[in-house]
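Note sheet for the following structure.
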Amino acid sequence: MSPDLALHGAALPGPTGLPASLSGLTRTLVMGVVNVTPDSFSDGGDFLDADAAIAHGLALVADGADLVDIGGESTRPGAARVDAAEELRRVLPVVRALAAEGVVVSIDTMRASVAAETLGAGAALVNDVSGGQADDAMARVVADAGTPYVVMHWRGHSADMASRAVYADVVTEVVDELRGRLDALSAAGVDLDRVVVDPGLGFAKDAGHNWSLLAHLDRLHVLGRPLLVGASRKGFLGQLLAGGDGVPRPAAAREDATTAVSVLAAAAGVWAVRVHEARATRDAVAVVAAARAATSDQWAAL
Ligand code: PMM
């Protein structure tokens, strides 16, 4: 049996092309979320005003976030799309201001035009929940910019993704479908050394699918790419923590469970976790890194 079973996933190094401040870290990184939307499931409407969004991004960094993910389009189940002009109007001033403050900014978008504009305004990474499927032009933008690129597992837009949550073996199918995306993106000119993969918890997945993926994160390492996991405040945590009446725990009261998932993900060796509150997760990933270092020291000494 492995001596360090609880810490089985040696953390993979991050993608090529990260700012130097993030490339040498030996712990799981913390990606803080700022949704500049009226309708995201947990923070919708809180940061629709650019000044509030900028202040929140800075607060996340003060709390320990290594990078901040800015999104202008809600992807919660059932959400309708916004047009590109509105999405850009929401995110551009926030990206520009935070990048000017020295914050490492990730842009959460499925649109090539929004990615291109915000990369020009200082974003350092593109986080595409569709993994390049929503916009054929995305691969070209990312390849030309040479920035890191998060490719999430996705089966279709939010309006009807629930009907696509059908799997015979969710872990195998997610791995196979992500591999298919990597092949397609590579053929389109994207340097896979710059790619991070994400199982897409909650996207065309029910609670059971999310738990299976979390329990088998180690199997995603077969893709040979750094991993990102986004479980923060998601519905499956609300279901887990439902009261006796069966009513899911509200999103804002899922923070401790989110931190517990950050521990699991860090122990499985993910490169980064995407969270709405940074402080507790930053402490959690520090704990896992210290335990991992002590485990290797102990066995190296034998
Ligand atoms: N989840 C949301 C939005 N963007 N991006 C990645 N890479 N992974 C995720 O799991 C993910 C994401 C869900 O919406 P939220 O911003 O309201 O949490």
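The values are calculated or read from the model by the stated rules, or taken from the named source; none is laboratory data. None of the values given here were measured: they were computed from a predicted structure. Cβ: placed from backbone, ideal geometry, glycine included. Neighbour counts: every protein chain shown.
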Counted residues, segment 276-302 - those being at pLDDT 95 or above and not small (G, A, S): 9
D51 - would you say it is within 23 Å of P19 (Cα to Cα) and charged (D, E, K, R)? no
Of all residues in segment 155-171, count the ones that are touching a helix residue (DSSP H, G or I) at 6+ places or on another chain (Cβ under 8 Å) and either more than 25 Å from S74 (Cα to Cα) or of a type in the set (F, W, Y) (or both). 2
Could you please let me know if V288 is part of a helix (DSSP H, G or I), of a type outside the set (G, A, S) and closer than 24 Å to L178 by Cα? no
Qualifying residue in segment 190-204 (condition: outside any helix (DSSP H, G or I) and either away from the ligand (no atom under 14 Å from the Cβ) or modelled with pLDDT under 95 (or both)): yes
For segment 205-227, does any single residue satisfy the condition of being part of a strand (DSSP E or B) and within 13 Å of the ligand (Cβ to nearest atom)? yes
Residue under evaluation V270, criteria (1) part of a helix (DSSP H, G or I); (2) in contact with a helix residue (DSSP H, G or I) (Cβ under 9 Å, 6 or more places away or on another chain), criterion not met: (1)
Go through the residues of segment 228-236 one by one and say whether even a single one is within 13 Å of the ligand (Cβ to nearest atom), part of a helix (DSSP H, G or I) and more than 23 Å from Y149 (Cβ to Cβ). yes
Failed criterion for A115 (all others in (1) within 14 Å of the ligand (Cβ to nearest atom); (2) farther than 16 Å from L92 by Cβ hold): (2)
Taking segment 34-58 and the residues there that are within 11 Å of the ligand (Cβ to nearest atom) and among the small types (G, A, S), the one that is surrounded by the most Cβ atoms within 10 Å (Cβ to Cβ) would be S40
How many residues, within segment 21-70, are assigned to a helix (DSSP H, G or I) and either in contact (Cβ under 8 Å) with a residue 24 or more places away in the chain or touching a Leu at 6+ places or on another chain (Cβ under 8 Å) (or both)? 9
What residue, of V95, V61, V82, is within 16 Å of the ligand (Cβ to nearest atom), under 18 Å from the mean Cα position of the chain (by Cα) and among the aliphatic types (A, V, I, L, M)? V95
